[in-house]
Amino acid sequence: MHFFWLSTLDSKLLTPPPMSKQPQTAISPTRAENFPEWYQQVVRAADLAENSDVRGCMVIKPWGYAIWENIERRLDAMFKATGHENAYFPLFIPMSFLEKEAEHVEGFAKECAVVTHHRLEPDGKGGLQPAPSAKLEEPLIVRPTSETIIGATFARWVQSYRDLPILINQWANVVRWELRTRLFLRTAEFLWQEGHTVHATEAEAREETMRMLDVYADFAENTMAMPVIKGEKTAGERFPGAVSTFSIEALMQDRKALQAGTSHFLGQNFARAQNIKFQDENGQEVFAWTTSWGVSTRLIGGLVMTHGDDDGLMLPPKLAPAHVVILPIYRNDDEKTQVLAFCDALEKELAAQSFAGEPVRVRIDKRDLRGGEKKWQWVKRGVPIRAEIGPRDVASGKVFYGRRDSSAKLEAPRAEFVTNIANTLADIQQSLFARALEARKAATVQINDLATFKEFFASKDDEDSEGGGLAYCHFIESPAMDEILKSLKVTVRCVPLADADEPGKCIFTGQPSPRRGIFAKAY
RNA sequence: CGGGGCGUAGCUCAGCCUGGCUAGAGCGCUUGGUUUGGGACCAAGAGGUCGCAUGUUCGAAUCAUGUCGCCCCGACCA
């Protein structure tokens, strides 16, 4: 008996105190406390994705996938508007295809999944094994990117200059066998789009490369509300096999940079490797010029780290699966009938409005949950506007609502709320961008000497030092620079296109440098 | 592939050092009740071959050996 009491008491005493009933923030730890952990918690709390049974691969949950669908739909429209068509190419690529472009092999060989058999058989121990008799003549690799298989196809499609340009995009999954993975930011399998184009002239291909970079920047800033810097990658950071690589770079709230999209001018490298050639107007047989460009589900990670706060995700309205969530509040059946009638009508009125060229997306959450919990679920998921409708609002014909981008509680007559909805959403979209831009400005510096550079990046990210950020510096690529950067875990992000030439001296070697590059720690 | 850690309920973990009778907690879930402009409370309940294998022992979640898997830190990456 005594023994029982003791053990019961003990287990109670040793149990950690229950979570406080009203924590300050919906997500813990906060961004300031532990940013990487905060990121993981937001991805989970916002129902975006979870780890799967397959190492390094994620399950994208409905809310997260709905965001991806919105990204896909809007980007796809932009691709179509610039003359591209969608097609689909195989998941498997013959290994020999990868071998054709030397730099390309080197870049991807280390992280390829390889298919070697086409049949399983019992292993005699109750399990299965690849059947030795079913070994493939030539192994297939699971595409890490599709330049080679698409290039081989294009080689057949192109004979005359009249066949050009070819402007193709594919939405697909790719596999890169990454060792260290993080949901959305780096997973072994991810979803993306890859554009592949073929042109008759270098100028045209270069123009295409820049056009798509502009499309990405436009999308990032105007749809994702994520400010980006367009720039060219240095030789060291270039896509394997490309002549030049351009990217859009965003700065996250922890002051680390995220490459959010890339556009490559491939020159004639892949055309040569894959024999993409055509007869020009003069009857001459010449190699074509190609480009490729892509963005991935990584953008969702960027979204989280650009706009999220300590209460969870904060979605830019243009990508939010729901613009408005209506939360009915009632105590009894009488109120329920009235409130729900009001909510249903409100839903219809809102859905008849449009925002950014699409109908306003509304959900009513009728689940039988406590109001508080229900509200917080939607806060964490980042819905731009929550309308909380109770009997008082029904009686007064008003809508009580909260904006995710501010903690303000607002109230408006129903009709006004409805007619203003597009404006409110536009305002939220704008405020998210402005805030992110402000944060980037605050974290951006110009540095002209190595000592300051080292100090800037050596400072810890924790405490109040607010270490790191984006540094604009003069540089010339060199082994000396690489070594210093490596020791600081800093990378050259790009050489911004917007900046004018400004002669100076490389802060690493003192050599003359024509313009500045941006440096940052990166994802 | 180097260095460290962990596998116990759906989730987070306690118990293991010092083996012992019916293996625990919190959260979540189900049911009933009380609440209701707010992340509620009370009660009852479902849920575990303690990663797997072998060994030591009268007896293994606990000890030993092996094995598989996962996580963290390094070298590489959208």
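The values are calculated or read from the model by the stated rules, or taken from the named source; none is laboratory data. Quick caveat: nothing in here was measured; it's all calculated off a predicted structure. Neighbour counts run over all protein chains shown; Cβ positions are idealised from the backbone, glycine included. All accessible areas refer to the heavy atoms of the entire protein, side chains included, with ligands and DNA or RNA removed. Shrake-Rupley method; radii C 1.70, N 1.55, O 1.52, S 1.80 Å.
Worth pointing out:
- Cβ-Cβ distances below 7 Å connect the following pairs, each with a first residue in region A:314-326 that is closer than 25 Å to A:ALA341 by Cβ, a second residue that is among the small types (Gly, Ala, Ser) and open to solvent by less than 10 Å² (accessible area, probe 1.4 Å), and a separation of six or more residues or different chains: A:VAL324/A:ALA387; A:ILE326/A:ALA387.
- Among residues of region A:330-346 being assigned to a helix (DSSP H, G or I) and charged (D, E, K, R), the one that is farthest from RNA strand B (Cβ to nearest atom) is A:ASP344.
- Residue count for region A:275-317, restricted to those that are more than 31 Å from the chain's Cα centre (by Cα) and surrounded by 23 or more Cβ atoms within 10 Å (Cβ to Cβ): 2.
- Checked against the criterion of being within 12 Å of RNA strand B (Cβ to nearest atom), of a type in the set (Ser, Thr, Tyr) and open to solvent by less than 30 Å² (accessible area, probe 1.4 Å), region A:35-44 has at least one qualifying residue.
- Of the residues A:ILE326, A:ILE248, the single one that is touching an Asp or Glu at 6+ places or on another chain (Cβ under 7 Å), open to solvent by less than 10 Å² (accessible area, probe 1.4 Å) and of a type in the set (A, V, I, L, M) is A:ILE326.
- Within the set A:GLY124, A:GLY151, the sole residue that is away from RNA strand B (no atom under 16 Å from the Cβ) and outside the structural domain of A:ASN275 (by TED's automatic domain parsing) turns out to be A:GLY124.
- Test: residue in region A:259-267 that is over 30 Å from A:PHE457 (Cβ atoms) and away from RNA strand B (no atom under 16 Å from the Cβ): yes
- For region A:66-92, the set of residues classified as of a type in the set (A, V, I, L, M) and in contact with a Phe, Trp or Tyr (Cβ under 9 Å, 6 or more places away or on another chain) consists of A:ILE71, A:LEU75, A:MET78, listed by residue number.
- Residue match in region A:28-40 (condition: touching a strand residue (DSSP E or B) at 6+ places or on another chain (Cβ under 6 Å) and modelled with pLDDT of 85 or more): no
- Residue list for region A:58-78, filter: of a type in the set (D, E, K, R) and either in a helix (DSSP H, G or I) or within 15 Å of the chain's Cα centre (by Cα) (or both): A:GLU69, A:GLU72, A:ARG73, A:ARG74, A:ASP76
- Scanning region A:154-175 for residues that are in a helix (DSSP H, G or I) and either closer than 12 Å to A:PHE270 by Cβ or in contact with a strand residue (DSSP E or B) (Cβ under 7 Å, 6 or more places away or on another chain) (or both) yields A:PHE154, A:ALA155, A:TRP157, A:TYR161, A:ASP163.
- The strands (runs of 3 or more DSSP E) found wholly in region A:79-131 and carrying at least 2 residues that are open to solvent by 40 Å² or more (accessible area, probe 1.4 Å) and in contact with an Asp or Glu (Cβ under 9 Å, 6 or more places away or on another chain) occupy A:128-130.
Okay, residues lined up against (1) at negative phi; (2) under 25 Å from the mean Cα position of the chain (by Cα); (3) more than 8 Å from RNA strand B (Cβ to nearest atom):
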| residue | (1), (2), (3) |
| --- | --- |
| A:SER354 | yes, no, yes |
| A:GLY357 | no, yes, yes |
| A:ARG367 | yes, no, yes |
| A:ASP393 | yes, no, no |
| A:TYR401 | yes, no, yes |
